[in-house]
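Enquirer: Take a look at this one; I'll ask things after.
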Amino acid sequence: MLRKLNWKKITWTILFFSLLFSVIFIITRMVFAPAELKAMEEHAKVKTDYVLMLLQCSSGLLIMMIPAIIERKNSVDIPDSIEVIFYMFLFCAIYLGEVKNFYYLVPFWDTILHAFSGVMLGALGFILVRYLNESNRIHVQLSPFFVSFFAFCFAVTMGTMWEIYEFLADGILSTNMQKFIASDLTVLSGRDALKDTMMDLIVDSVSALIICFYGYLKLKKLKKQGYLR
């Protein structure tokens, strides 16, 4: 019989080596990249773009270690399915999105990832409450509504923190993460300049609301069946 595939280990390995080789590739490209564009070249990259890419790939290598650290230090068992989804999200957002330029090559790639992250962060919010309930140091018993409300607020807060990160990166590194510069190098203003950020926040909120409402219905059902107090 074939041994069952360990998808957690497979996705972790693919993500690790993809980001590691990307860091090496980015460093070599930074040396020859121009400091600024001299003409309108669609999707062309300058040094600051590679600096941001290097920062994100390096951060990804650190962030992907967080689940293992949490499990080891806090004796928490994070479901393998959640970890696989987490690694897949990092792969799609950093490697495919930034390194392979999917944000420009694939329509609505950014929107798809924000919807994905809203669901993932909402699910993580439920896991955090479960951990608090099962902890010997902290005993919390919340109603299904407040568990779902916490998960929703957690997901939206994390989405907002990401938009703050994009804003700071654009200001400090002169990047275009918030898409306030069009492909023809026109600097947008007013409502057009806010469109990308607001769409991201709306998608984050709607996807988080959907998964949290689903979680609320599941918790209500479990409570009626006597599995929850």
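Enquirer: Label segment 107-229 by shape, choosing from rounded, prolate and oblate, from the square roots a ≥ b ≥ c of the eigenvalues of the Cα gyration tensor; if a/c is under 1.5 it is rounded, and otherwise prolate applies when a/b is larger than b/c, oblate when it is not. Show your work: numbers first, answer last.
Expert: On the way: a/c = 3.96, a/b = 2.49, b/c = 1.59.
Taking the square roots of the gyration eigenvalues as a ≥ b ≥ c, segment 107-229 is prolate.
Enquirer: Right, next: What percent does the relative contact order of the chain come to when contacts are Cα pairs within less than 8 Å and at least six residues apart?
Expert: Details: 210 pairs, mean separation 46.6, N = 229.
For the chain, the relative contact order is 20 percent.
Enquirer: Further question: Only one of the listed values, [x] 12.1; [y] 14.9; [z] 16.4, was derived from the coordinates as mean projected area of the Cα convex hull in nm²; which label is it?
Expert: Entry [z].
Enquirer: Can you work out ³J(HN,Hα) from phi for every residue in segment 71-82, in order, using Karplus 6.51 cos²θ - 1.76 cosθ + 1.60 and θ = phi - 60°, giving whole Hz and x for Gly and Pro?
Expert: In residue order, the calculated couplings are 5, 6, 7, 10, 6, 9, 9, 6, x, 4, 4, 5 Hz.
Enquirer: How tilted is helix 144-173 with respect to the longest principal axis of the chain? Cα atoms for both, answer in degrees (0 to 90, nearest 10).
Expert: 20 degrees
Enquirer: Something else about it: Checking the table K9/K195; K47/K100; K47/K73 against a 27 Å threshold on Cα-Cα, which pairs fail? Don't skip to the answer; put the middle values down first.
Expert: Details: K9/K195 38 Å; K47/K100 17 Å; K47/K73 39 Å.
From K9/K195; K47/K100; K47/K73, over 27 Å: K9/K195; K47/K73.
Enquirer: If amide hydrogens are placed 1.01 Å from N in the peptide plane, which non-local residues have theirs closer than 5 Å to the one on M177?
Expert: Those lying under 5 Å, H to H, from M177 are D170.
Each value in this text was obtained by applying a stated rule to the coordinates, not by laboratory testing. Here the structure is a predicted model, which is why all the values come from computation and not from measurement.
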